[in-house]
Each structure stands twice: as structure tokens, then as C-alpha cells.
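The values are calculated or read from the model by the stated rules, or taken from the named source; none is laboratory data. The model shown is predicted, which means the values in this text are computed figures rather than measured ones. Neighbour counts run over all protein chains shown; Cβ positions are idealised from the backbone, glycine included. Ligands, DNA and RNA are excluded from the accessible area calculation, which covers all protein heavy atoms including side chains. Shrake-Rupley method; radii C 1.70, N 1.55, O 1.52, S 1.80 Å.
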Amino acid sequence: MEGSILIFKDCILNTFLNISLKGCKGIRFDSEVVNNGIININAKNKFDFLSIEGLLNIGTIEIDWVKNNVKDLIIRGQCGSYLDLAKQFLILKESYNKLGYYDYEDEAYILFKRYQMKNDLKEFLEYNNIFKKIWGLTKYLNKKIVFDYIGEFGMNPIRIGGSMFLVILLFGIIYAFCPYIEFAGTNMHADILSKLYESLYFSGITFLTIGYGDIQPIGLTRILTIIEGFLGLFLMSYFVVAFSRKVIR
């Protein structure tokens, strides 16, 4: 029926269930639906939403993440909290892992972590204590920048590699043009291009913790190099973990 909603409620699915939709508004798994088998969702026409909030998924759910735009389907079908959204993306993440659809698994995991973070922030902001609110917001922003923006929770080694390059470039520019930066072993009166080249070189070996010793920081510059060295250790470790995960799978 055009515009109808397909609802599963209080049932156990033990075998293969092929759901082929045409002209259906959405699918909802409500109230203790257990899946021990395989649910294959094949939409002949685009539908509006998918809700698997009430599904205990021991088996697998087969639905193409890209063709069906699963992210938007789940978001449009959600009437509850951020935590409910996070749980649904976690169900899909685990299902894609079982099926070996690792790119889809990564997409679902990223959304699971994002909505989990939003739920944590929402809980902190509900406190009456202003310090707890500030602490919750600080934690959220820290995780958002360090884990999400930089590497999408370890799912994107290319983005981490790009972040490493940007850090080296940023510190290289600071070393070259900040008036309070001092070095020994380099010509501070060289032309701009030569000075920038040496600064980028020093930034690179500091980030990678190589430390040849041919250029040495002086005074407050030492504090800046310690910060860059720490960022280098962190981002290189982050990159190795993310890259290894991709290779091992």
C-alpha cells in the first residue's frame, strides 16, 4: 500500500527474511524483535526511514549503505534520544563486520561514536552545576577535535596523515616568522625562502622525533618544540593504529 509503514513487533526471525519494498514509507522494528537469521532489505523505490531501535540482532542485516542512504534513513526514523541513534548505528556496525563490508562498518562506527558523544554532552548539560557543564563541553570539544576531526575515530588514516602534514607546516611557519623564536646552528638573517626551508626542515625532524642536532632551539623555543614533539608521537601512533587496522582487515 502506498505510504504504508512495515512494522515488526514481538517476533523472532530465525531464517532468511527478504524484505523487498515498493511504495512503502518506512520499516520499523519495535518491541523486542530478535533476529537470529539474515534480514535482507532491498528497496525497489526509495523509502523514507528505517528504525531498528527495538531489534536484538544476533544475525545479520543486509542493506546497501550507499544505495539506500542508510545514514539518513536511520536519522529520519528516530524519535528518541542521541543514545537510541547510537545504538542503531552500533547494530549496523556489528552486522557489516560479520558480512565483511568493512567500509560500511567504518561509516556506521563513526556515526555511533558521534551520537554517543552527543548523548554524553547532553547529559552533562542537564546538570545544574555550571562546572559540570563546562567540564562536559570541554570533554566533548576535545574528543571532537582529537578523535573525530583528526582521524574519524581511527577509521581514516589518510585524514590523520593530512593532519600530520598540517602540523609540520604550521610549526614550520611559526618557527620562520614568529619574532620570539630563536635557533642556534642556522642563519637568522637569511632570505625568506631559505629561512622557511630550514624552519620546515627543523619542524619535520622535530615532529618525527629524529633530532639530528644540527639546529638547536634556544629559550622559549624549546617549549614549542616539546609541544610539537608530543603531537608527533601522538599522531604517528594514531596513524599506525588506523593504518594497521585497515591492512589487517
Item to check | Odd one out for residue 166, checked against (1) under 30 Å from residue 117 (Cα atoms); (2) aliphatic (A, V, I, L, M); (3) in contact (Cβ under 8 Å) with a residue 40 or more places away in the chain | outcome: (3)
Next on the checklist: Just checking, does the stretch 1-12 include any residue being open to solvent by less than 30 Å² (accessible area, probe 1.4 Å), in contact (Cβ under 8 Å) with a residue 24 or more places away in the chain, more than 30 Å from residue 125 (Cβ to Cβ) and assigned to a strand (DSSP E or B)?
Outcome noted: no
Next on the checklist: Suppose we filter 67, 87 for residues that are open to solvent by 30 Å² or more (accessible area, probe 1.4 Å) and farther than 21 Å from residue 123 by Cβ; which single one remains?
Outcome noted: 67
Checklist outcome for this item: When the stretch 34-48 is checked residue by residue, the ones that are open to solvent by less than 50 Å² (accessible area, probe 1.4 Å), at pLDDT 90 or above, in a strand (DSSP E or B) and not polar (S, T, N, Q) are 34, 39
Next on the checklist: Of the residues 97, 119, 57, only one is under 26 Å from residue 143 (Cβ atoms), open to solvent by less than 30 Å² (accessible area, probe 1.4 Å) and without any contact (Cβ under 8 Å) to a residue 60 or more places away in the chain; which?
Outcome noted: 119
Checklist entry - Among the residues of the stretch 122-147 satisfying the criterion of being farther than 25 Å from residue 234 by Cβ and polar (S, T, N, Q), which is surrounded by the fewest Cβ atoms within 10 Å (Cβ to Cβ)? => result 128
Item to check | Test: residue 182 is open to solvent by 80 Å² or more (accessible area, probe 1.4 Å) and of a type in the set (Asp, Glu) | outcome: yes
